[in-house]
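Colleague: Provided herewith is a single structure, encoded as structure tokens, for subsequent inquiry.
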Amino acid sequence: MNDTEHIRRPPISIVRFGMGKEIQLFEEELVVTGTEEDQETRVQLHAIKQLTLIPGDPNPSKLVFMADLDDDTTIILAEGMSNARDFRAMLPRIRELHPEIQLDPPDMEEQLRQALNTRRAWTLTCYGSFLLICVLLYILYLVVAYLGNRHP
């Protein structure tokens, strides 16, 4: 297979994250591109022993995606990936193409689902708290305005 075949054939799955960065899954390889850095990393799926996903160091919601290869090397495919929803949708496709690839953690799909639910709950909590504070300030304003009008 040459590079022109990959250009003509669309990827099976795409995960976009960051500015111009994406993970593309083809039938035989995984391609990570970054247009602002003008870089591209291609890894053959049959050469991957294990895919690892860990939380980022300063910000746990920014995931680090790594691949352990057959030649006992580990490469970082994506740092700062925040698109957990699309990545979670890509995992079953990777398992369909090459079921022998191990995942670390083994229940990666479930952990990503829990992370998405936690992020959604945290967002709702933040919005709810903000709305509650606004309502309480409005009620306080009404009480002060009422008391101010009663005592001239």
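The values are calculated or read from the model by the stated rules, or taken from the named source; none is laboratory data. Here the structure is a predicted model, which means the values were calculated and not measured. Reconstructed Cβ throughout: ideal geometry from the backbone, glycine too, with neighbour counts over all protein chains shown. Just the protein is used for accessible areas: all its heavy atoms, side chains included, with ligands, DNA and RNA removed. Shrake-Rupley method; radii C 1.70, N 1.55, O 1.52, S 1.80 Å.
Colleague: Identify all residues within the range 88-123 that are hydrophobic (A, V, I, L, M, F, W, C) and over 21 Å from VAL43 (Cβ atoms); write none if there are none.
Modeller: Within the range 88-123, ALA115, LEU116, ALA121, TRP122 qualify.
Colleague: Is at least one residue of the range 120-135 open to solvent by less than 80 Å² (accessible area, probe 1.4 Å), closer than 25 Å to ILE14 by Cα and either of a type in the set (Lys, Arg) or more than 15 Å from the chain's Cα centre (by Cα) (or both)?
Modeller: No: the range 120-135 contains no residue that is open to solvent by less than 80 Å² (accessible area, probe 1.4 Å), closer than 25 Å to ILE14 by Cα and either of a type in the set (Lys, Arg) or more than 15 Å from the chain's Cα centre (by Cα) (or both).
Colleague: Which one of these does LYS62 not meet: (1) closer than 26 Å to GLY20 by Cα; (2) open to solvent by 50 Å² or more (accessible area, probe 1.4 Å); (3) touching a residue at least 40 places away in the same chain (Cβ under 8 Å)?
Modeller: Tallying (1) closer than 26 Å to GLY20 by Cα; (2) open to solvent by 50 Å² or more (accessible area, probe 1.4 Å); (3) touching a residue at least 40 places away in the same chain (Cβ under 8 Å), LYS62 fails exactly one: (3).
Colleague: Another one. Out of ILE139, ILE101, ILE133, I need the residue that is touching a strand residue (DSSP E or B) at 6+ places or on another chain (Cβ under 7 Å), farther than 23 Å from GLY18 by Cβ and modelled with pLDDT of 85 or more. Which one?
Modeller: ILE101
Colleague: Right, next: Checking THR74 against (1) polar (S, T, N, Q); (2) farther than 16 Å from LEU51 by Cβ; (3) free of Cβ contacts under 8 Å to residues at least 60 places away in the same chain, which single condition isn't satisfied?
Modeller: All conditions are met except number (2).
Colleague: Kindly indicate the residue of the range 65-83 that is touching a strand residue (DSSP E or B) at 6+ places or on another chain (Cβ under 7 Å) and either acidic (Asp, Glu) or open to solvent by less than 10 Å² (accessible area, probe 1.4 Å) (or both) and also farthest from GLU109 (Cα to Cα) among those meeting that condition.
Modeller: Filtering first and then ranking leaves ASP70.
Colleague: Residue by residue through the range 42-53, note down the ones that are under 18 Å from VAL15 (Cβ atoms) and either open to solvent by less than 70 Å² (accessible area, probe 1.4 Å) or at pLDDT 90 or above (or both). Steps first, please.
Modeller: If we filter the range 42-53 for residues that are under 18 Å from VAL15 (Cβ atoms), which is where we start, we get 42-43, 45, 48, 51-53.
VAL43, LEU45, ILE48, LEU51, THR52, LEU53 - these are the residues of the range 42-53 that are under 18 Å from VAL15 (Cβ atoms) and either open to solvent by less than 70 Å² (accessible area, probe 1.4 Å) or at pLDDT 90 or above (or both).
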